[in-house]
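Notes follow the structure.
The values are calculated or read from the model by the stated rules, or taken from the named source; none is laboratory data. Since the model is a prediction, treat every value here as computed from it, not as a measurement. Quick reminder, even Gly has a Cβ in these numbers, built from the backbone with ideal geometry, and neighbours come from all protein chains shown. We work out accessible area using only protein heavy atoms, side chains counted, and drop any ligands, DNA or RNA first. Shrake-Rupley method; radii C 1.70, N 1.55, O 1.52, S 1.80 Å.
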Amino acid sequence: MMQFTYLLINFFAVIICFIFSFHPKIKFNKYFRAFILSSIFVALFFIVWDIIFTAKKVWWFSHEYTLGVLVYNLPIEEILFFICIPFSCIFTYFCLDKFFNFSWVKKIENTLLHIITFVLLALATYFYEQLYTFTAFVVCALSILVLKYILKADWLGKAVIIYLILSPGFLVVNGLLTGTGLPSPVVNYNSEEFMGFRILTIPVEDFFYGLALILWNLFFFLKFKKYEQNKYILV
């Protein structure tokens with residue numbers, strides 16, 4: 001049964017959100033196509049990143065927790081991760097944005113984003129020799145700057161707040177993957193390639209790696225969702 005561990009983590013991370021997607025007051029299922037397209041776009045970048053870092057031994061995967069089906073040395077479960085986790089996050093963003101008012105975030109958005117990007121770039125500069133730390137922080141900081149100042153994403157502050165709301169779920173999923181509650185980790189990290197600071201068993205870098213993953217999924221999802229809505233109006 002141990003070989004199903006990573007697969008089950010993906011399954012339980014997504015199944016409740018998937019079921020409630022069909023709820024008549026939510027109807028997220030109308031945007032499955034938009035989500036699939038956005039997740040494929042973003043997953044391609046992160047999977048290439050994953051392949052390179054696995055090859056460089058920045059991290060590696062325990063075979064006892066996976067089915068043994070590999071794609072460029074990545075377990076198939078790792079590929080599914082880039083679909084399942086964004087699905088749950090985008091679904092949650094969709095629901096919270098639909099039913100709650102986040103207009104107050106605009107008052108603190110610039111300050112919040114500037115602090116995050118400044119801290120990330122400062123830490124990336126200080127820990128430039130740690131490959132995971134440097135790349136995760138730079139990619140996240142640049143993602144925020146590009147989305148805000150070039151792509152003019154007006155939902156960015158709201159997305160960061162909702163990501164913080166999602167952090168308990170992140171702690172559960174990533175905690176399991178990094179060894180919380182398990183005899184050994186599903187994903188192992190080279191201690192020389194990250195700062196060494198962990199929350200439970202999770203490297204701090206994972207939070208910002210995840211933030212960049214979700215922000216880009218959200219950007220493309222909202223673009224494809226708008227296209228789908230306009231198509232239905234024209235019909």
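How much of the accessible area of the chain, probe 1.4 Å, is carbon plus sulfur, in whole percent?
71 percent
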If unit charges are put on Cβ atoms (+1 for Lys and Arg, -1 for Asp and Glu) and the dipole of the chain is taken about its Cα centre, the option from His63, Thr111, Ala34 lying farthest towards the positive end turns out to be Ala34
For the chain, the Cα-Cα pair-distance distribution in 5 Å bins from 0, as whole percents, is 1, 6, 13, 17, 20, 17, 13, 8, 3, 1, 0, 0
Eligible aspartates and glutamates near Lys148 by straight Cα distance, threshold 17 Å, same-chain separation 8 or greater: Glu109
Which order, highest average first, do 144-150, 61-67 follow once you tally other Cβ atoms within 10 Å for each residue and take the mean per peptide? 61-67, 144-150
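When Lys and Arg each count +1 and Asp and Glu each count -1, what net charge do the other residues less than 14 Å away from Ile40, Cβ to Cβ, add up to? Show your work: numbers first, answer last.
Details: positive: Arg33, Lys223; negative: none.
Here the charged neighbours net out to +2.
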Considering only the other residues whose Cβ falls under 13 Å of the Cβ of His23, what net charge follows from Lys and Arg at +1 and Asp and Glu at -1? +4
Kyte-Doolittle at least -0.5, axis length at least 18 Å by Cα - qualifying DSSP helices, the chain: 5-20, 32-55, 76-99, 109-126, 131-145, 205-234
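Listed highest first by mean packing, meaning other Cβ atoms within 10 Å per residue, what order do 172-182, 107-117, 130-140 come in? Write out the running numbers ahead of the final one.
Numbers: 172-182: 18.8, 107-117: 14.3, 130-140: 21.8.
Most protected by this proxy first, the peptides run 130-140, 172-182, 107-117.
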For Val186, which sequence-distant residues (separation of 5 or more, or a different chain) have an amide H within less than 5 Å of its own amide H, given hydrogens modelled in the peptide plane? Thr178, Gly179
Under 5 Å, built H, 5+ apart or other chain: amide partners of Ala153: Lys148
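Excluding Leu121 itself, what net charge comes from residues whose Cβ is under 15 Å from its Cβ, given Lys and Arg +1 and Asp and Glu -1? Let's see the in-between values first.
Details: positive: Lys148; negative: Glu205.
Taking every Cβ under 15 Å from that of Leu121, the sum is 0.
With the other protein chains left in place, how much accessible area per residue, in square angstrom, belongs to the range 1-151 at a 1.4 angstrom probe? Could you put the intermediate results ahead of the total?
Values: 8250 Å² over 151 residues.
With all protein chains present, the range 1-151 gives 55 Å² per residue.
Could you sort out which of Lys107/Lys225; Lys30/Lys223; Lys30/Lys98 sit more than 19 Å apart by Cα distance in this structure?
Numbers: Lys107/Lys225 27 Å; Lys30/Lys223 14 Å; Lys30/Lys98 14 Å.
Long pairs (Cα-Cα over 19 Å): Lys107/Lys225.
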Taking H as built 1.01 Å from N, whose amide H comes closer than 5 Å to the amide H of Ile199, not counting residues under 5 places away? Val204
Over all Cα pairs of the range 100-235, the Kirkwood radius sets Rh, and Rg/Rh then becomes 1.04
